[in-house]
Structures are given as structure tokens and as C-alpha cells.
1. What percent of all Cα-Cα pairs in the chain falls in each 10 Å bin, counting up from 0?
2. T23 to V2: extension gain in nm, 0.36 nm per residue of separation minus the Cα-Cα distance?
3. Where the accessible area of the chain is counted over protein heavy atoms with a 1.4 Å probe, how much of it, in %, is carbon and sulfur?
4. Between region 62-115 and region 13-48, how far is it from one alpha carbon centroid to the other, in angstrom?
5. How many Å² of accessible area per residue for the chain, probe 1.4 Å?
6. Expected output is a single nm value to one decimal: the length gained when fully extending between R45 and N58, i.e. 0.36 nm times separation in residues minus the C-alpha distance. What is it?
Amino acid sequence: QVQLVESGGGLVQPGGSLRLSCTTSGSISAIYVMGWYRQAPGNQRELVATMTSGGTINYAESVKGRFTISRDNAKNTASLQMNSLKPEDTAVYYCYITMRLRAYWGQGTQVTVSS
């Protein structure tokens, strides 16, 4: 069984920062991609940022220059530093991994950007 748990979400004012963390547990080995997706009400889930085990990073255009993804391959954890947050960043953020050709998702953490 594989479990992903996100933390660090919350309410922040526009221009503020949050740091999301993703921890993994269970039968974890050789994670290829770790990343973050988000889903706002009424919208489809969309990619925010991903990082391969080799260090290749992909960001959504809307977050480039504001968000930074990182991962610890030894601990099988990932983080997302979010700066200069905007109201349109409001969404549930999901941790995502691919491992042994399968994808796994966390339960999500709410991020709300509002004054």
C-alpha cells in the first residue's frame, strides 16, 4: 500500500507565501516523478509542477517564477514553495508520484488566497 500525505495548506493573503510538503509511506521504491497538481472548484485538475528523479522540472506557465518544487530522493518527500500567491492560485493541491509505471495521489490540501 502506498500513501501520500500533503501538509502546509491554509489561508494566505495575496502576495503571501506557503510551503506545501508531501510525505510518502508504504511500499515505496524508485519513485520516478514527484509533483503537484491542483483543482479549483468547477475546473479540471491541472499540473502545477513536477520533478523527475533525475532532476528534470516542469512548471505550469502560470506559476513559473513564483513556485519552486524540490524533492528529497532519500526520504521520498517533495515540497512546493509558493511565493507571490494570487487569488487564482486558490485550489486543492494534490501530491502526485509515479512509481513502477503507476500513478498515486494524495488526498489534497486546501490553499486559499484571499484578503
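The values are calculated or read from the model by the stated rules, or taken from the named source; none is laboratory data. The shown structure was predicted, so the numbers you read here are calculated from the model rather than taken from an experiment. Note: areas computed on protein heavy atoms with side chains; ligands, DNA, RNA excluded. Shrake-Rupley method; radii C 1.70, N 1.55, O 1.52, S 1.80 Å.
1. 15, 50, 29, 6, 0
2. Working: separation 21, 0.36 × 21 = 7.56 nm, distance 1.07 nm.
Using 0.36 nm per residue and subtracting the Cα-Cα distance, I get 6.5 nm.
3. 47
4. Computed from Cα coordinates, the inter-centre distance equals 3 Å.
5. Counting only protein heavy atoms, the per-residue value for the chain is 53 Å².
6. Values: separation 13, 0.36 × 13 = 4.68 nm, distance 1.60 nm.
The R45-N58 span can extend by a further 3.1 nm.
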